[in-house]
């Protein structure tokens, strides 16, 4: 039964366990640790909320019957037997473990503690950033600057243009008006051709 619960949770991003609580998968974005120069990949987080739940829905039972290859009544009976075992082991000091999902344990005050299993994303190493990496301006503005960004001098700009193979702005004349006259003459020629 555990593998069916895990598969249903992964496919539907939620799983309701009657009289226990609800499990949901929430997306988490990538995280950047600027101080240590580490980038952590985006990884979904498994959350548990202990709240009153109704019996599992018909969609869940249809899924369970199809996966088990049995009639829906047999699937419902199997799930309720599993649920009875789960709730009875939940009250023990060691709690219950659902492979692929996590560990549940009920405290004396009735509160259920949940610790999710480690995912493959958590087992993967984080990425070490190149020391020359610079944050985008928006994020960099939020961080304390060690050195103010300085303006380039005209000579430095000229050197950069020369390295990039671009012409100097000073030596380049502006001939936009020539193109405008050519377009005007083409337009007049088209009108004359049409009407004459």
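Here are the numbers:
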item	result
Order by protection proxy (mean Cβ within 10 Å, highest first), peptides 34-40, 64-70	64-70, 34-40
For the range 2-128, the fraction of alpha-carbon pairs in successive 5 Å shells from zero, as %	2, 10, 17, 20, 16, 13, 9, 6, 4, 2, 1, 0
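Quick note: the coordinates plus some simple rules give every number you see, no bench work behind them. This structure is a prediction, so every number in the text was calculated from the model and none was measured. Reconstructed Cβ throughout: ideal geometry from the backbone, glycine too, with neighbour counts over all protein chains shown.
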